[in-house]
Every structure is written in structure tokens, then in C-alpha cells.
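Colleague: First the structure, then my questions, so here it is.
The values are calculated or read from the model by the stated rules, or taken from the named source; none is laboratory data. Only a predicted model underlies this, so the values are computations on that prediction, with no experimental measurement involved. When we count neighbours, we look across all protein chains shown, and the Cβ atoms used for this are built from the backbone with ideal geometry, even at glycine. Heads up: the accessible areas ignore ligands, DNA and RNA and are worked out on the full protein's heavy atoms, side chains in. Shrake-Rupley method; radii C 1.70, N 1.55, O 1.52, S 1.80 Å.
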Amino acid sequence: MKYSIRRRLLLTLLSITVTVWSITIVTSYHDTRHEIGELFDAQLAQSARTLLSVAGHELEELEGSTLEQAHVHFHIEDPLRTNGHVYEHKVAYQLWKQPDNILLLRSFNAPETPLSLQAQGYSNREIGDEAWRVLSLPDEASGFQIQVGQALAIRDELTDLIAGRIGGPAIIALPLLALLIFIGIGRSLRPLQRLTEAVVHRAPNNLEAIDVKDVPDEIHPLITALNSLFERLGRAFESDRRFTADAAHELRTPLAAMKTQAQVAMRSKDPAERDSAMGKMLEGVDRATRLVEQLLTLARVDPEAGLAQSGQVNLLRLVEEAIADHEPLARAKNITLQLNAAHVLSIAGHRESLCILMRNLLDNAIRYSPEGGEVHITLGEGIESILLCVADSGPGIPKAERERIFGRFIRLAGQETSGSGLGLSIVQRITELHKAQITLDQSALGGLEICVRFPSTVRA
């Protein structure tokens, strides 16, 4: 499923921003509400003490009989019609004489019943249809009790006003923030866009490395991986070009020889000469056929592709099958094939590739061994490895030539045995596939000994 990095980043950043802003606004709202409550509670306490001090001092001068009749409904004009504050009508007070519970003074908006049922402290009450916050403050010396109340709507209104002034700009700024984030993401992704354009407009045969100068750290691994891919592709294309050129060169020789022999057979009137030409032509066909088969095998065995359908392979059984297949070729040259194996061994690998490897090793050993020679196959177990060795009694390979012999179409000078020069190249590729190591040495039989050491041994 396709998705846009730009869109995903934009949605992610905006979601995070909105979430953080929402948490901040909600937290600020509750903190503001708490602090405003504390502030108004302090104002209620200050007002209560002031009223208690002033009103109590005046009322104490009245005589007892007069005091009982002194309960006055002290009236204050509506603040909306005066110069008072708009919140002033939301504050009410009462002055009581205790313990007789006589109402002495009250504001115009205070009821005749007590604002609070508590003798002392803060409390919340429903008065009429409104919620009020009330403070009761007694004066034990004079016997007066002042009750000051304030409608909670004032606090809610002020809290909502502050929250609106905090959250309003944040909500208004959200579209602007989204635009700025969109532009910022676009500028940040511009190097990736330039890289895309560079790859899209690159010529098919241009495998040069991409310049990693002035690229962000996040894109650097991608460019490094692309440059590594271009390098591998360059090596693969160059290898294919060499392979094609070498194959064409090698096929040209047997084809030219067959054409020559065919012309000789067509012109010849001597049956013996014609039969000889036809026989040489068949030999050329066999050589070309073997060369084509080896070329197809080499093309099929690719170390870059890794091991496809790998599993546990019984190496002893595989070697025995290869020996049985090459028995007729060895019998034709009176060559003795000898197998030395301690026990059944298995390795993790690709059976078909290992069969090709074993066939090529045996084929080379038999072809280069003289009439009546010997070929020894040894299968043994080492330290976390399995060792497969094929030794022959042929002419061997000089040390100076052993590194070069793994190249394609390499045949050493002075050897009369026909071949394609691809066998050891195929063997080397298969060993690379299996992470194995191959070594060449002089055998005890006087010829060449090729040993392949496979890792990760498993005894069957």
C-alpha cells in the first residue's frame, strides 16, 4: 500500500501538537480554576474580617435592648446602576449575633436565612438557583458572626475567560502551524526528491556512484546502498561481457573445425578420407556440446543469488552416485576409483549444485589421469567442517599456475587432454555459494589434489 511520507509526517506532527496543546490547555484550565478559587477565598476572608471589625465596633456601642431591635436590612444600590464593579452584585454578607442567632446586618442580595450552616470555615451551598461559596467567621469576644458569600458563577466566568484567551490563539494558530510544518517538511524532503530525479533521469548504462556530498545523514545510508548496488551491477555486467566474449571465442574454434571437416567430407571421393572427416566432425560436435553444457551450468550457478531451496545433503551418498556415473569413463581408461569415508556425513547446501561440483571434480581427475592411473576420493570430518578431497595421478599443476587455473577457459600449455576450461571455474562458484574453501595441492599419487572444506557439519 502506497503512502506519502509528507502526509504522514504532517498528520503525525499535527496530532502530537494538538494533543500536547489540549493537555496543556486542560491542565492550565484546572490550575487557573484552582488559583482563582484560592484568590477569591482570600478576598472573602479579607472582606469578612474588615466587615466584622467595622460593623462589630459600631454595634457594640448600642445597649442590649437597642441591639435586639437593631437588625437592619442594610441596603446597597444595584452596582449595575452605580459606579461599582460588575461582579459586585455577586457578593453578599450577613452579620449575626450569637448565640441568639439574630440577624443584625445583611446586604441587599443576601437572604434572611443564614448563608452557611457552618459556624466557621468555608462551605459550598445552593442559594436559590445558584451555587455559592460562603465563609463563616465568628468573633468569640463580641459574639458576632460574619458570613460572606460569593456566587461561584463569577469564578467560572473568569476561568472560562482566561482559558478562552489562552486556547483561542492556539486554535487560531493551528492552520498557520500546519502550513509552516507542511513547508518545513517539503524543504526537508527536497534532497530525497533530488535523489529521485537523479535516479529517474540516469542513463541505463550509467553506473557511476551518486555524489554523497551535502546530503542529510538519514539519506546517506540509502545513497551508500545504491552506490554499492551500482558497483555490483557494474561488476556483473563486466563479467557477463567477458563471459560472452570468451564463450564466442571458444565456440568459434570447434565450429570452424566442424565446417572445415564438413567441406573436406563433401569434396572427398575417398571413402576412408570422408569417414575420417566425418569422425572428426563428430568429435567437434561433442566438444561443442560439452562446452555449451558447461556454459549453461556456469551461467546457472550464480554466487550472488545465494542458496535456493537449500537443505541437508547426504554428502557420502552424493559422492557414491557421482562415482557410479563416472565408472564407465574410468573403466575406458582403466583408472581405479577409490573412496575413503569414515561415516555418513551431511552438510547444509543445495543438492543439485553439489552434484555439479562433484561431477566436475571427478571428470577433471579422470580426464587428466593417464591410462591405468588412480583417483582417490576422501571424505572426512574436521573441526566444525567436512573435508572433501579428490586426488589424481595426472601431471598436476605447478604452484605458479594454481591461482590462475580457476579462471574461465583456462587450459594449461602442454596438456593434450581436451576440455572447455570451465570445470574448476564452476567448482569455485559452487564453493562460494556454500561459503566453503577450496585449496589445490600436489597429491600423494603425484598429480593434483583438490580439497573443499564445507562449514557447519552435521553427522547423519
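Colleague: Could you order HIS30, HIS201 by accessible surface area, starting with the largest, using a probe radius of 1.4 Å?
Modeller: HIS201, HIS30
Colleague: Provide the solvent-accessible area of LYS259, counting protein heavy atoms only and rolling a 1.4 Å probe, rounded to the nearest 10 Å².
Modeller: Around 130 Å² of this residue is reachable by solvent.
Colleague: Let me ask something else. Net charge near GLY373, counting Lys/Arg +1 and Asp/Glu -1 over other residues with Cβ under 10 Å of its Cβ?
Modeller: After counting each charged neighbour, the total is -2.
Colleague: If Lys and Arg each add +1 and Asp and Glu each add -1, what is the summed charge of the other residues whose beta carbon sits under 10 Å from the beta carbon of GLN98?
Modeller: It works out to a net charge of -2.
Colleague: Also, quick follow-up: With label points built 7 Å along Cα→Cβ from the Cα atoms of ALA45 and ASP441, find their separation and express it in nm.
Modeller: Reported label-point gap for ALA45 and ASP441 is 9.8 nm.
Colleague: What length, rounded to one decimal in nm, is gained on full extension from LEU192 through to THR224, with 0.36 nm per residue of separation minus their alpha-carbon distance?
Modeller: Full-extension gain reported as 10.2 nm.
Colleague: Let me ask something else. Taking the highest mean first, how do the peptides 426-434, 192-200 order by number of other beta carbon atoms within 10 angstrom per residue?
Modeller: The peptides rank, most packed first, as 426-434, 192-200.
Colleague: Now for a different question. If a/c stays under 1.5 just call it rounded; otherwise compare a/b with b/c (prolate if a/b is bigger, oblate if not). Do that for the range 98-220, with a ≥ b ≥ c from the square roots of the Cα gyration tensor eigenvalues.
Modeller: Prolate shape, in that a/c is at least 1.5 and a/b is the bigger ratio.
Colleague: Okay, next question. Express the Stokes-Einstein translational diffusion coefficient of the range 138-206 in µm² s⁻¹, to the nearest whole number, given a Kirkwood radius over alpha-carbon pairs, 25 °C and a viscosity of 0.890 mPa s.
Modeller: Here the translational diffusion coefficient equals 132 µm²/s.
Colleague: Something else: Would you mind telling me the share, in percent, of accessible area of the range 86-168 contributed by carbon and sulfur at probe 1.4 angstrom?
Modeller: 54 percent
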